[in-house]
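Colleague: Sharing a structure with you now.
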Amino acid sequence: MDIKYSEMLGETYEELMKDSTFLSAIGGNVPEQVTTDAKNFHILSPSKNISFTFDKASHTLKFASLSPDSNGLFMYGLTTMVNREQAAEMLGHPIDGEPAQKIPLLGMVGAWSTFIVEGNKLMLMFSADTGCLEKIRFTL
């Protein structure tokens, strides 16, 4: 099944808990892990390589983050061997992004680029160490 994560964005947690596609993505009726911070709560499914971040106040899905599978593969032909320049060659010119940079207190943080792919807004996040793709995030 090809899950359309972008179609889930903007839906509430309560609505998504009635959606078989979402339930399949999180591994069933009971999420594997739930964590919170000041503004968000996160549904984590390490076995499915995905996490969903919801706004704590509205319960609205803000983004879905995908990690690579055990072979280093993502969707859209992307792999953990792809760097920022290669991603742009594959997906076209990014609409936004920042190079890797040193940030006080955090140290070196990886580059990121945002693309529109098949109507989906994708943020690709790259390793500060290797420059290779680490995570894909579907965003509103």
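The values are calculated or read from the model by the stated rules, or taken from the named source; none is laboratory data. Quick caveat: nothing in here was measured; it's all calculated off a predicted structure. Positions of Cβ are generated from backbone atoms using ideal geometry, with glycine treated the same way; all protein chains shown enter the neighbour counts.
Colleague: Quick one: count up the residues across region 34-48 that are part of a strand (DSSP E or B) and either over 19 Å from Gly10 (Cα atoms) or not polar (S, T, N, Q) (or both).
Modeller: So the count comes out to 7.
Colleague: If you check every pair at least six apart or on different chains, which have Cβ atoms under 9 Å apart with a residue in region 98-122 that is under 15 Å from Ala64 (Cβ atoms) first and a residue that is aromatic (Phe, Trp, Tyr) and surrounded by 17 or more Cβ atoms within 10 Å (Cβ to Cβ) second?
Modeller: Note: pairs meeting the criteria are Asn120/Tyr5; Asn120/Phe138; Lys121/Phe115; Lys121/Phe138; Leu122/Phe115; Leu122/Phe138.
Colleague: When you go through (1) exposed (fewer than 11 other Cβ atoms within 10 Å of the Cβ); (2) among the charged types (D, E, K, R); (3) at pLDDT 90 or above one by one for Asp55, which number turns out not to apply?
Modeller: Evaluating Asp55 over (1) exposed (fewer than 11 other Cβ atoms within 10 Å of the Cβ); (2) among the charged types (D, E, K, R); (3) at pLDDT 90 or above leaves (1) as the failure.
Colleague: If you don't mind, another one. Could you tell me whether Met81 is hydrophobic (A, V, I, L, M, F, W, C) and not in a strand (DSSP E or B)?
Modeller: The answer is yes for Met81.
Colleague: Next question. Give region 1-11 a look and list any residue that's surrounded by 14 or more Cβ atoms within 10 Å (Cβ to Cβ) and farther than 18 Å from Ile136 by Cβ, or say none.
Modeller: Glu11 - this is the single residue of region 1-11 that is surrounded by 14 or more Cβ atoms within 10 Å (Cβ to Cβ) and farther than 18 Å from Ile136 by Cβ.
Colleague: Could you check Met81 against (1) touching a residue at least 40 places away in the same chain (Cβ under 8 Å); (2) surrounded by fewer than 13 Cβ atoms within 10 Å (Cβ to Cβ); (3) closer than 28 Å to Glu7 by Cβ and say which number it fails?
Modeller: In the conditions (1) touching a residue at least 40 places away in the same chain (Cβ under 8 Å); (2) surrounded by fewer than 13 Cβ atoms within 10 Å (Cβ to Cβ); (3) closer than 28 Å to Glu7 by Cβ, Met81 misses (3) alone.
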